[in-house]
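Below: the structure, in structure tokens.
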Ligand SMILES: Cc1cc2nc3c(=O)[nH]c(=O)nc-3n(C[C@H](O)[C@H](O)[C@H](O)COP(=O)(O)OP(=O)(O)OC[C@H]3O[C@@H](n4cnc5c(N)ncnc54)[C@H](O)[C@@H]3O)c2cc1C
């Protein structure tokens with residue numbers, strides 16, 4: 001039977017490790033739990049939030065509503081041919097456990113997304129991406145519970161409207177669906193994505209032959225573990241800001257104040273690394289109490305121990321203001337502020 005707990009600490013449910021309390025917390029382990037939840041929340045509109053691993057969230061205050069947390073587990077191959085396999089994973093499965101499951105079976109497509117923290121259920125919501133790949137590249141479909149009608153629906157690629165770190169679940173479907181499981185179609189044929197310079201460099205420096213998805217998986221885990229702080233020891237949410245995509249006119253203005261600013265063509269616009277702008281404004285390694293900017297990567301805000309969500313948020317405001325003052329563009333947060 002579904003248990004709804006009251007006044008729960010969210011400290012262990014967010015990768016920043018900040019303290020916040022939720023009025024109510026429902027852990028969904030089975031389809032029956034999910035259906036029971038819908039019957040319990042029908043009635044006056046209730047403030048609710050779906051929480052995975054909390055690896056992309058910053059709680060700036062207590063949550064006066066119901067947190068819905070999926071613990072739907074299990075990974076299985078549900079269809080296959082000589083060329084491909086379709087693998088389905090429960091939304092509560094750790095994303096990296098799922099990637100490892102596929103890599104161990106020589107299924108190609110997700111290896112570049114190794115070691116991204118969080119759950120399978122959040123992957124399509126965020127359209128997670130790294131090292132020249134996005135989850136949408138292999139996404140097939142997902143099953144979700146309609147939190148209003150209680151129906152279980154299947155949504156396909158076009159329903160989800162994937163974009164850079166974005167999907168329909170962040171706008172038109174927000175609060176509507178609890179994702180229960182996700183299916184990916186993976187290739188049995190060797191197909192390596194080595195477009196990203198860091199991967200090629202790592203393989204070359206370490207004299208590793210890119211033989212299969214396992215070697216890429218291992219390379220990416222090593223690169224990530226050397227660059228990114230482990231949130232289990234230093235609280236963080238990965239990249240806190242998104243890389244701005246700006247017009248040619250905005251790019252010209254930036255180049256007029258900083259002719260070295262790196263930029264990349266992005267379908268007629270320009271993408272500029274937010275980390276560069278933040279570092280140039282002197283924030284890398286900055287610390288204010290227990291809130292700070294990681295000294296190896298300016299895009300990562302960290303909690304040295306006892307920072308509150310509000311302190312981390314306030315630091316992010318100062319960074320946004322300072323980048324805007326010099327470059328005239330407003331950084332957007334990738335982390336979700338709750
Ligand atoms: C060290 C570090 C490195 C990172 N590197 C990357 C990276 O390389 N690339 C990248 O894309 N991200 C990266 N991230 C961000 C984060 O890992 C991803 O956003 C991840 O998908 C978050 O998963 P989560 O389960 O913690 O989701 P949460 O943070 O709990 O939730 C994220 C969103 O998904 C929704 N959601 C979660 N579960 C469900 C569900 N079952 N049904 C419906 N909605 C749901 C939530 O409501 C919320 O809107 C990094 C984070 C950290 C801490």
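Tabulated data
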quantity: Pick from the range 8-31, criterion in contact (Cβ under 8 Å) with a residue 12 or more places away in the chain and part of a helix (DSSP H, G or I), ranking: surrounded by the most Cβ atoms within 10 Å (Cβ to Cβ); calculated: 13
quantity: Boolean, residue 54 is within 15 Å of the ligand (Cβ to nearest atom) and modelled with pLDDT of 95 or more; calculated: yes
quantity: Of all residues in the range 158-181 being in contact (Cβ under 8 Å) with a residue 24 or more places away in the chain and in a loop (DSSP other than H, G, I, E, B), the one that is nearest to the ligand (Cβ to nearest atom); calculated: 165
quantity: Residue within the range 285-292 that is farther than 25 Å from residue 255 by Cα and within 16 Å of the ligand (Cβ to nearest atom) present; calculated: yes
quantity: In the range 57-88, residue farthest from the ligand (Cβ to nearest atom) [restricted to those that are surrounded by 18 or more Cβ atoms within 10 Å (Cβ to Cβ) and part of a loop (DSSP other than H, G, I, E, B)]; calculated: 59
quantity: Residue identified as farther than 21 Å from residue 164 by Cα, over 22 Å from the mean Cα position of the chain (by Cα) and surrounded by 14 or more Cβ atoms within 10 Å (Cβ to Cβ) among 308, 256, 322; calculated: 322
quantity: Number of positions in the range 126-140 that are on the phi < 0 side of the Ramachandran plot and without any contact (Cβ under 8 Å) to a residue 60 or more places away in the chain; calculated: 9
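The values are calculated or read from the model by the stated rules, or taken from the named source; none is laboratory data. Just so we're clear, the structure is a prediction, and the values are computed from it rather than from any experiment. Heads up, the Cβs are rebuilt from the backbone with ideal geometry, glycines too, and the neighbour counts pull from every protein chain shown.
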